[in-house]
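Some notes on the structure that comes next.
Derivation of every value follows stated rules applied to the coordinates shown; laboratory data play no part. Nothing here was measured: the structure is a model prediction, and the numbers come from that model. Here the Cβ positions follow ideal geometry from the backbone for every residue, glycine too, while neighbour counts run over all protein chains shown.
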Amino acid sequence: MERTTRAQQQRRTRERLLAAGRAVFLRRGYLAATVEEVAAEAGYTRGALYKHFGGKEGLWLAIVEDRAESRLRALHDVLDRAADREDLLAALTPVDPPDEDAARWSAAAAEVLAATAGRPGAAAAVADAQRRHDERLAALLERHCARLRLRPAMPLPQVVVALGALGVGLALRRAVDPAADVAAATAGVLAAVFPAEGVRR
């Protein structure tokens, strides 16, 4: 039987803690979740969580970066197949209706922003993670806008920030008001940001 190396064990522990963190944050929200609860769900002690992530905030940031990486890869694949403006808009339009996890995740993210806003060190870590994601997304959109000869109505870094804030806000609105026409609001904003008259011939 092949023996598990220390590096493999550490990677497995990290992955199990990430999965447990995602489950607990979705179920309980960020503020109500505890290090002890996450560790127990993963089958470890709280010491393992502190060793790998430094605490609840570090775990959250690791989950966010893992989630962002996965979503960027998926968007990259979809945009590679985009043939025109309509395909790009469709790729950027959230699934409607959004799944329940998306609404819960947005609520947890809002809790994180509220909890870290008054703490410069924690706020800087959250902002840095978001900035890295935004820069990669803006670069991805820039490449495909150039390929599809699209001229956005505003600089792409600003587009990414605006769409990110819109996505969180609309997900929260939909969570408290299921009748809200989130799809129409998103479509209207995207159409304005990537206008048809902005297509270069």
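Taking Rh as the Kirkwood radius computed over C-alpha pairs, what is the Stokes-Einstein D of segment 1-54 at 4 °C in a medium of viscosity 1.567 mPa s, expressed in µm² per second? My calculation gives 113 µm²/s for D.
One chain, two ends: ALA139 and ALA191. Fully extended at 0.36 nm per residue, the span grows by 16.7 nm beyond their Cα-Cα distance.
Distant-in-sequence amide contacts of LEU150, defined by a placed amide H-H separation under 5 Å and a gap of 5 or more residues or a different chain, comprise ARG200. Applying D = kT/(6 pi eta Rh) to segment 142-201, where Rh is the Kirkwood radius over alpha-carbon pairs, T corresponds to 25 °C and eta to 0.890 mPa s, the Stokes-Einstein value obtained is 194 µm²/s.
Over every Cα atom in the chain, the radius of gyration and the widest Cα-Cα span, Dmax, amount to 19.2, 64 Å. Here the gap between ASP80 and TYR50, fully extended at 0.36 nm per residue and compared with their Cα-Cα distance, gives a gain of 6.9 nm. Distance between the 7 Å Cα→Cβ label points at ARG149 and GLN10: 5.2 nm. Comparing ALA39, ALA62, ALA179 in a Gaussian network model of the chain where C-alpha atoms under 10 Å apart are linked, the largest mean-square fluctuation is found at ALA179. An ellipsoid equivalent to segment 31-136, defined through the eigenvalues of its Cα gyration tensor, has semi-axes of 30, 16, 14 Å when rounded to whole angstrom and sorted largest first.
Between ARG119 and ASP66, take the C-beta separation as r, use R0 = 22 Å, and let me know the FRET efficiency to the nearest 0.05. Calculated value: 0.45. Gain on full extension, evaluated as 0.36 nm per residue between ALA32 and ASP128 minus their Cα-Cα distance, stands at 32.1 nm.
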